[in-house]
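Rule-based calculations on the coordinates, nothing more; no lab input. In this text, all values refer to a predicted model and were calculated from it rather than measured experimentally. Methodologically, a virtual Cβ is constructed for each residue, glycine included, from the backbone with ideal geometry; neighbour enumeration extends over all protein chains shown.
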């Protein structure tokens, strides 16, 4: 038997008599270990002091007051509400409206900047060529090789607002992606995914 087991047996002895096997092994350990003998003497003194204390009766109505204070509804686990309330709806409408205004303003300023400075440069012509022939036409030709849609797209490219429209759509897609990512991150912290 080691000192840790001896300490556990001392605590058990405070609750009541020990089994014969436990008592015998513990007595053998106490005869060999002075530290545990000293601890056993302290436990014995504590037991004597506790026995001298008078028994106290609780005040009248104590149990009733304690049970009334324990409110089971207070400690109930509340499930998260998945329904969006009206206030949250207005908040999201405001956020989406503000983001839309920001996107439109950014697109207008970007168009103005492109028209005044960047459009005449060789870099602009190179980027426009890469974007038009490699990215846009390549993707649409790969996905939808029908002649009718392709003719419509080539006519649409001649409109001046083509680049503003594409930029606006790209910005909206980025904002939606950011919102989805933030929803995933925030939902992951609560242990749920919407």
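Ranking of 37, 52, 65 by neighbouring Cβ atoms within 10 Å, starting from the fewest: 52, 65, 37.
By the count of neighbouring beta-carbon atoms within 10 Å, fewest first, 8, 63, 39 end up ordered 63, 8, 39. Distance between the pseudo-spin-label points of residue 178 and residue 31 (7 Å out from Cα toward the beta carbon): 8.0 nm.
Give me the number: length gained by fully extending residue 3 to residue 47, i.e. 0.36 nm times residue separation minus the C-alpha to C-alpha distance, one decimal in nm.
On the way: separation 44, 0.36 × 44 = 15.84 nm, distance 2.02 nm.
My answer for the length gained is 13.8 nm.
Once you sort the root eigenvalues of the Cα gyration tensor of segment 3-69 as a ≥ b ≥ c, which label holds: rounded (a/c under 1.5), prolate (a/b larger than b/c) or oblate (the other case)?
Prolate is the answer for segment 3-69, as a/c is 1.5 or above and a/b outweighs b/c.
Of the residues 7, 47, the one with the fewest other Cβ atoms within 10 Å heads the list, and the complete ranking is 47, 7.
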